[in-house]
Amino acid sequence: MFVEQHQAWAQKGAEFYPMKTLLVGLGNPILGDDGVGWKVAEEVKRNLPAELHVDVECLSLGGISLMEHLIGYPRAILVDAFALDDPLGSILILKLEDMPNYSAYHTTSPHDTSLQNAIAMGKALGAKLPDDVMVIGIATRRVHEFGVDLSPSVAEAVPLAAKFVLELLGEKETVEK
């Protein structure tokens, strides 16, 4: 039922999914630096040119639940906090397919799976999911402390990460036209 419902929505095109790209800020906005994905998405939304065809969402989920939000979009950009040894606020830009599939290491919930596996499963079930998924990761370490403020280095990375997202959006738009 789930896949059929979303396929019907996707087939109706602009009525349900008028935008070509979905930008998702991921994380938890009350866990310090884990909220950086939301901050970047909000910054992009404030500066998004009207001619770019983009939907912007802020979500606190992954795996199958995140995959459900991607249905009907040919392209997605995800922004999230990354636990990296790089200096705080460093920005990493990757294609989802180039990232490690962490479910292979049993770090995801036994009730869920990695986004890579969820997309593969959704496609196998006939869902229209993006072939082009980019991930913007910002190096963080403080993601388990309650608070809405980002650490200074991570906060300084927000405008630059937003600029990178806008550049990615602009590049694809000119190629598609």
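FYI, it's all coordinate maths here, none of it is from the lab. The shown structure was predicted, so the numbers you read here are calculated from the model rather than taken from an experiment. As a convention, Cβ positions derive from the backbone with ideal geometry for all residues, glycine included, and neighbour counts pool all protein chains shown.
As a proxy for reagent exposure, ranking Thr140, Thr21, Thr113 by other Cβ atoms within 10 Å from fewest up yields Thr113, Thr21, Thr140.
Note on Asp132 and Leu48: the model spin-label points, each 7 Å out from Cα along the C-beta direction, lie 1.6 nm apart. Computed packing ranks the peptides 84-97, 123-136 as 123-136, 84-97, most packed first, by mean other Cβ atoms within 10 Å. For the stretch 17-67, the square roots a ≥ b ≥ c of the C-alpha gyration tensor eigenvalues yield an a/c of 1.5 or more together with a/b not exceeding b/c, which makes the shape oblate. In plain terms, the bigger the Kirkwood radius, the slower the diffusion; for the stretch 114-159, with that radius from Cα pairs, at 25 °C and 0.890 mPa s, Stokes-Einstein puts D at 179 µm²/s.
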